[in-house]
Amino acid sequence: MANIKLENLTKRFGENTVVDRVNIEIPNGTLVSILGPSGCGKTTLLRMIAGFETPDEGSIFFDQDSVVNVPANKRNIGMVFQSYALFPHMTVEENVAYGLQQRKLSKEEIDARVKQVIDTVHMKEFQKRKPKQLSGGQQQRVALARALAISPRLLLLDECLSALDKKLRVEMQTELRKILEESKVTTFFVTHDQEEAMTLSDFIVVMNKGIIEQMGTPLEVYEKPKNKFVASFLGKANFFQSEDGTSFAVRPEKIHLSAEEQAGARQEGVITFITYSGNITSYTIECDGEAVLCEKQNVQIRENLKKGQKVFLRWDKDSEIELADE
Amino acid sequence: MRKYFTDQLIPTVYALMALAFLYTPIIVLMVMGFNESRYNTLPFSFSLEWYSALAKNEVLINAAINSFVLALITALICVVLATMFVLGMKTLSRSMEGLFRSLIMMPMSIPWLILALSMLLFIRFLDLDKNMFFVVAGHVVISLPYAMLSLQARIQALDPALEEMSASLGASALSTFRRITVPALAPAIVAGGFLAFMISFDNFAISYFLIPAGTSTLPIEIQSSIKFGFTPEINAISTVIIGVSLLCLAIVGLIMGSSIENMIGGKKK
Ligand SMILES: Nc1ncnc2c1ncn2[C@@H]1O[C@H](COP(=O)(O)OP(=O)(O)OP(=O)(O)O)[C@@H](O)[C@H]1O
Ligand SMILES: [Mg+2]
């Protein structure tokens, strides 16, 4: 476990700058999500930290030590790839023991540690199996156990849940969070699923085209996104222009709808689309040719608003998010 | 009816004829080894005479041993070289890799006779005597492409993430090679070695041109015994060779089919 600091980290592939002057500093034991669209450089960033790619510029510090010139096998970093990359010719046990065997520990120490980690991920009954005899979720656990077994200074998880189906993914998120909190290991978690980032992390780093758009707690990033990209990538947002030409965003759940005209109404429009999804109902409202999305918690069972109906929109001044760009 | 005739019957008859053409001579050769007649003629009367003669024929037995040892050494060298080459080629640029591969594969498309002749001329040119070293070198040149073919297919299927993962778990390059790369390549190494063995064991031209006087291999011995009168001992030894080849093939198939394939996590089953 360590404080991790990335300083001006830059990677180019030919003309293409894939990671562009990235600065991140995270304290010991934090879980950081790196969130961004496909191709924005998330994997490349992790691969530089792991030592599989050499940065063109910048440094990586674990505590006070620069590790840029340390080879991957000396960095003591646990890693889980999206493909898991379990060793196919080894059993679950052997996979988990592999990293420990490289550390010249005694057989007893290795056995004890393997047993402990396999118990943590609930894979005891499968420990004699080969990877291809396991389901996706089970393979994911083994990959995690193998990375945790070496007690890494840092854990790097690259979209390790995205191959799982929705239900299993949600289960694994909760379990992962529990395991990581117990082991207190500093973790970078790459995902392009914003919900997953919110659920799992202490901090969220939002990346786009190789740069960091914003970094903060899930609450900060959701409630105070700095620009249009962050606002729309993390959750849903409606964008408006104020009279002075600056733009702001309002989250769909912060908009109140009413059929009657009321004081402080900001917009009026016609409902063009209604989606009922159990806990919430979403309304698309056409206001001056712009579609505005509004979400209501279904606290009571009530269907008072109909498609084609005229409605008035209201929101608190606090709910307006000022945006830096455009 | 007509459709049945054109779609099924004719292809089946063709296939059977092709198979007959392939296997009848081999079967006749094997059967005649058990026939009493010295001149491979009918009527057939069962006898193990030629096998007992073979057991006493030291010339043929020594030649067989030579061939076996030669093929074994060739196969071992080919397997090591092929593994080194395919791993090394990963680090080359694409065009260099293509060039390198073509150079190694070339002997497949040059007639062995020409290869053998050029090697002989080269030895003459250097004013050296023929020796076993050149024979082995010649055999390696012609067998290596086959070992490479089998390894290349495998290495292309090897997930580079496995080696990276091994490094991130603390393994040195050597340790990764030993514990991850080699086991993943094992079936291809075995298969490639076996192919190289067969090519070498079978080879006549290279051996014939390069072998020092007084030494011989089985193909050379068989060729010369045909010259000096063909006895069914040749049928007998051929049958033994076929038997051993089939046995090897069965063993390799067994290893590759289940355990190795299983060990490296192949897709079967
Ligand atoms: N070895 C490489 N050579 C050249 N370009 C590369 C290489 N690796 C990645 N890239 C490019 O760098 C960019 C970032 O890739 P990266 O894999 O880091 O994206 P990512 O954010 O992980 O995307 P995803 O969510 O799809 O996994 C992409 O445009 C990709 O094409
Ligand atoms: Mg990626």
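Based on C-alpha coordinates, I'd like the Rg and Dmax of the protein assembly as shown, in Å.
Expressed in Å, the Cα Rg and Dmax of the protein assembly as shown come to 35.7, 119.
How big is the gap, in Å, between the Cα center of segment A:1-76 and the Cα center of segment A:161-230?
17
Using a 1.4 angstrom probe on heavy atoms only, work out the carbon and sulfur share of the accessible area of chain A in %.
49
Taking the Cα centre of the protein assembly as shown as origin, sum charge times position over the Cβ atoms of Lys and Arg (+1) and Asp and Glu (-1), and report the length of that vector in debye to the nearest 20.
It comes to approximately 1780 debye.
Mind checking Rg over Rh on segment A:4-229, alpha carbons, Kirkwood formula for Rh?
Result for segment A:4-229 is an Rg/Rh of 0.97.
Ignoring ligands, DNA and RNA, how much accessible area is buried between chains B and A, both sides summed, with a 1.4 Å probe, to the nearest 100 Å²? Kindly include the intermediate steps, with their values, before the conclusion.
Values: alone 16480 and 16890 Å², together 31300 Å².
Rounded to the nearest hundred, the buried surface is 2100 Å².
Which value in Å is the Kirkwood Rh of chain B over different Cα pairs?
This gives a value of 21.8 Å.
Which is farthest toward the positive dipole end of segment A:188-270 among A:A237, A:V270, A:L257, measuring Cα position about the Cα centre, with Cβ charges +1 (Lys, Arg) and -1 (Asp, Glu)?
Farthest towards the positive end: A:A237.
How about segment B:166-182: which of its residues lose at least 40 Å² of accessible area in the presence of all protein chains relative to their chain isolated, using a 1.4 Å probe?
Hits at the 40 Å² cut-off: B:S168, B:L169, B:G170, B:R179, B:I180.
Counting only protein chains, not ligands or nucleic acids, how are A:H256, A:H122 ordered by accessible area (probe 1.4 Å), most first? Provide the component values of the computation, followed by the final result.
Values: A:H256 75, A:H122 120 Å².
I get A:H122, A:H256, largest accessible area first.
Considering only DSSP beta bridges where both residues belong to segment A:148-251, give the percentage that are antiparallel (nearest 5).
65
What accessible area per residue, rounded to a whole number of Å², is obtained for segment A:162-302 using a probe radius of 1.4 Å?
53
Only counting protein heavy atoms at a 1.4 Å probe, give the residues of segment A:100-144, ordered by number, whose accessible area falls by 50 Å² or more when the other protein chains are present relative to the chain alone.
SASA drop of 50 Å² or more in segment A:100-144: A:Q102, A:K132.
When you count, for each residue, the other Cβ atoms within 10 Å and take the mean per peptide, how do B:116-127, A:197-208, A:36-47 rank with the highest first?
Top of the packing list down: A:197-208, A:36-47, B:116-127.
Could you tell me the number of lysine pairs in segment A:239-322 with C-alpha atoms less than 17 Å from each other, where the two lysines are 8 or more residues apart or belong to different chains?
Number of lysine pairs found: 5.
List for segment A:52-72: residues with 50 Å² or greater reduction in accessible area, all protein chains versus chain alone, probe 1.4 Å?
A:F52
Need one value: the accessible area of B:K90 in square angstrom, 1.4 angstrom probe, rounded to the nearest 10.
100
I'd like to check one number: the per residue accessible area of chain B, probe 1.4 Å, reported in Å² as a whole number. Mind dumping the intermediate values first?
Numbers: 15410 Å² over 269 residues.
That works out to 57 Å² for each residue.
Would you calculate, for the protein assembly as shown, the mean residue ellipticity at 222 nm contributed by helices, counting each DSSP H stretch of 4 or more residues as -39,500 (n - 2.57) and dividing by all residues, to the nearest 500?
Rounded to the nearest 500, the figure is -14500 deg cm²/dmol.
Within segment B:184-202, whose backbone N sits under 20 Å from a point 7 Å along Cα→Cβ of B:L72?
B:189-202
Considering only protein heavy atoms and a probe of 1.4 Å, how much of the accessible area of segment B:57-268 is carbon and sulfur, as a whole percent? Don't skip to the answer; put the middle values down first.
On the way: 7730 of 10580 Å².
In segment B:57-268, the share of accessible area belonging to carbon and sulfur is 73 percent.
The values are calculated or read from the model by the stated rules, or taken from the named source; none is laboratory data. In this text, all values refer to a predicted model and were calculated from it rather than measured experimentally. Please note: Cβ atoms are built from the backbone with ideal geometry, for glycine as well, and neighbour counts cover all protein chains shown. What goes into the accessible areas is simple: the full protein's heavy atoms, side chains included, and nothing from ligands, DNA or RNA. Shrake-Rupley method; radii C 1.70, N 1.55, O 1.52, S 1.80 Å.
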